[in-house]
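Working notes for the structure below.
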Amino acid sequence: MIKLNNITKIYDINKNNSVTAVKDINLHIKDGDLIILKGASGSGKSTILSLIAGLCKPTEGKVIVDEKGISKLPDHFLSLYRRENIGFVFQKYNLIPNLSVKDNIILPLIPDNPDEDILNNKLQEIMERFTISHKKDIIVRNLSGGEQQRVAICRSMINNPKIIIADEPTANLDEKLSLDFIDILKQLKGNGKTIIIATHDPLFFNLDFASKTIDIKNGKIIS
Amino acid sequence: MILTPEILAIFILNSLFLFFGIIALILSIKIYSKWDLNSTKSLQYKLEKNSYLTSTIIKFIFLIKLPLFLFFIFTLDKISNILPGAMCAAGVVDATPYGMYLFLVKIINLYLFGFWLILDKIDVENEKLPYSKLKFGFFIIIFFLFLSELILETTMFLSIDPTTMVSCCGALYSSTSASYISILFQIDPFILVSLFYTNFVLLIIFYFYKNSYIYAILSMIFIIIAIISLITVFGTYIYQLPTHHCPFCFLQKDYYYIGYLIYSTLFIGTFYGLAIPFFKNISYYKISIFFIIAYTLIVTIYPILFYLKNGVWL
């Protein structure tokens, strides 16, 4: 269960210039939900994702994930929380372009220094699931957008996180690849993952398997 | 006034410590007075952010100050070469009225800074930051001792007159000395050595019994008895001279800098001994007893070697 209680987030650009990205938001997300956050650029969608992921802290209010007040956690505990609970899929994939598919995917596991056999098993399983195993030794900058997106999904899933956060995941994909991505989401939801997507891609607005579509405008929930 | 590269380095560092220390003090007062961990208001989030910065500043000051104590002793030793009459750091300490006070404040601060660093470590290792308010309150108190140290240190170095004759350690640490140090030599060495080893044996016993309060009290007594017995008894075996009792000379090259090892083991061992009741960490017993045994072995080996070589005790 994810709870956002009276969350306000203000970015202080300098002393006389601040931006209120999110204002007094309350949001409850149940385990296994797939939530679509829609709204124009600058409406506060990405800020909500960052708050849930523990990438930033609120100016006021509390973010609770599984009864744990993550907005009150010190930074190094937040890193642990992210590593264990969150899988990220970014608009620009955020892959390391000069590393191979395999090396990009295993990156989140490196701090745990896992046994090589376990690592290889996990890697093989995840690459087969998202049909990218045939490209495992290719340097990612040589892959197509859709393939890079799949690598990013593999990387987000390698730790088997409970929550998957995707920020504008189809912004750089054509319609066919976007539909492929939606299929992957359906599959992940079927596996019981909690998924939160920030998007303004209309393909997401009428998904039959989405639990809720939330409209954000000027940092507030409209509907 | 005397100005050597070492003193200049100490002055520059002290200026930096003072500048950052004042920033940390202001932030600590703010955090201490307004901290409410359960609050989800913007002020609390701001204070939590500030607390990381403040802890980091204090941590770096103290982490540098601890080894700097050895550098301070090294500096005193070095400038003893230019002071007429001084044979070692003892002469420099005695050259001004501030030297001995500075030394005492420095030793007290060593322990307090160490306590603060442990408190900070325990605090940041817990996701609920249980000791944040306490550690900043503690810093506010020790800041004034920290400030006293900086002022005394600066005043001492500025007041040293390189043209004035100072006493040598042989005159300062003797039974004929005009100072309170001469009282130490009225104690029977046999009683002193017995007290030292009794204290040591009791520490070993309470290491096994794990009584933190008694262990801490024994550690405190050990610091005092260890230093007195080092000056009056064990030191003479290091120098192999029955009349030389200086607690500084064995920090010099002639004695293979053994003093640094002696004082380090004594301070680390007793520090962890004193820390046990406050932090309830069972591993501190091991660290403490390891260094206390190391200290005892080092100071014991000198009389034994001397006896084996010469067949007499000093």
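Derivation of every value follows stated rules applied to the coordinates shown; laboratory data play no part. Treat the numbers as computed from the prediction; the structure is a model and nothing was measured. Glycine gets a Cβ as well: all are built from the backbone with ideal geometry, and neighbour counts include every protein chain shown.
Applying the criteria of a DSSP loop state and at most 13 other Cβ atoms within 10 Å to the chymotrypsin sites (Phe, Trp or Tyr not before Pro) of region B:205-250 yields no site. When only the Cβ of Lys, Arg, Asp and Glu is charged (+1, +1, -1, -1), the dipole of chain B relative to its Cα centre reaches about 940 debye. Which stretch or stretches of region B:288-314 have amide N atoms under 20 Å from the point lying 7 Å from B:S175's Cα along the Cα→Cβ direction? What the label zone holds, given the 20 Å backbone N cut-off, is B:312-314. For the listed peptides A:30-40, A:156-166, a ranking on the average number of other beta carbons within 10 Å per residue, highest first, reads A:156-166, A:30-40. For the peptides A:58-70, B:3-15, the ranking by mean Cβ contacts within 10 Å, running from highest to lowest, is A:58-70, B:3-15. Between the residues B:G269, B:T154, B:I181, the greatest Cα displacement towards the positive end of the dipole of chain B, with unit charges on the Cβ of Lys, Arg, Asp and Glu, is found for B:G269. Here the 3J(HN,Hα) profile of region A:172-187, calculated from phi with Karplus coefficients 6.51, -1.76 and 1.60 at θ = phi - 60°, is 10, 10, 7, 5, 4, 5, 5, 5, 4, 5, 4, 4, 5, 4, 4, 4 Hz, Gly and Pro shown as x.
Ordering B:V166, B:G137, B:P97 by Cα displacement along the dipole of chain B toward the positive end leaves B:G137 in first place; charges were set at the Cβ atoms of Lys, Arg (+1) and Asp, Glu (-1).
The angle separating the long axis of helix A:75-85 from the principal Cα axis of greatest extent in chain A is about 60 degrees. Shown in residue order for region A:52-68 are the 3J(HN,Hα) couplings computed by the Karplus curve 6.51 cos²θ - 1.76 cosθ + 1.60 at θ = phi - 60°: 5, 7, x, 7, 9, 10, x, 7, 8, x, 9, 9, 10, 10, 6, 6, 9 Hz (x for Gly and Pro).
Model label sites at A:K15 and B:T198, defined 7 Å from Cα along the beta-carbon direction, differ in position by 6.7 nm.
Think of chain A as having a plus end and a minus end, set by charges on the Cβ of Lys, Arg, Asp and Glu; of A:I52, A:V19, A:Q91, A:V19 sits farthest toward the positive end of this dipole.
Think of each Lys and Arg Cβ as +1 and each Asp and Glu Cβ as -1; about the Cα centre, that makes the dipole of the protein assembly as shown roughly 1140 debye. Counting only other chain Cβ atoms within 10 Å of each residue's Cβ, the peptide A:71-84 averages 3.
As an equivalent ellipsoid, region B:5-167 spans semi-axes of 38, 13, 12 angstrom, where each value is the square root of five times an eigenvalue of the C-alpha gyration tensor, largest first. For chain B, leaving out every one of the trypsin sites (Lys or Arg not before Pro) that falls in a DSSP loop and has at most 16 other Cβ atoms within 10 Å, the longest unbroken run is B:42-127.
Rounded to the nearest 20 debye, the dipole size of region A:2-114 about its Cα centre is 320 debye, using +1 on the Cβ of Lys and Arg and -1 on the Cβ of Asp and Glu.
Model label sites at B:K46 and B:I224, defined 7 Å from Cα along the beta-carbon direction, differ in position by 4.8 nm. Measuring between alpha carbons in the structure, the pairs from A:K30/B:K30; A:K9/A:K135; A:K9/A:K68; A:K23/B:K49; A:K72/B:K106 lying more than 30 angstrom apart are A:K30/B:K30; A:K9/A:K135; A:K72/B:K106. Applying D = kT/(6 pi eta Rh) to the protein assembly as shown, where Rh is the Kirkwood radius over alpha-carbon pairs, T corresponds to 20 °C and eta to 1.002 mPa s, the Stokes-Einstein value obtained is 75 µm²/s. Residues in region A:118-127 carry Karplus couplings, in order, of 4, 4, 5, 4, 4, 4, 4, 4, 5, 5 Hz; the curve used is 6.51 cos²θ - 1.76 cosθ + 1.60 with θ = phi - 60°, and Gly or Pro positions show x. Among A:S50, A:S144, A:S18, the largest mean-square fluctuation in a Gaussian network model of chain A (Cα springs under 10 Å) belongs to A:S18. Taking 17 Å as the straight-line reach from the Cα of A:K92, the lysines in range (excluding those fewer than 8 positions away in the same chain) are A:K45. Sticking with the crude label model, points 7 Å out along Cα→Cβ, report the distance from B:K78 to B:I217 in nm, one decimal please. Computed distance between label sites B:K78 and B:I217 equals 4.4 nm.
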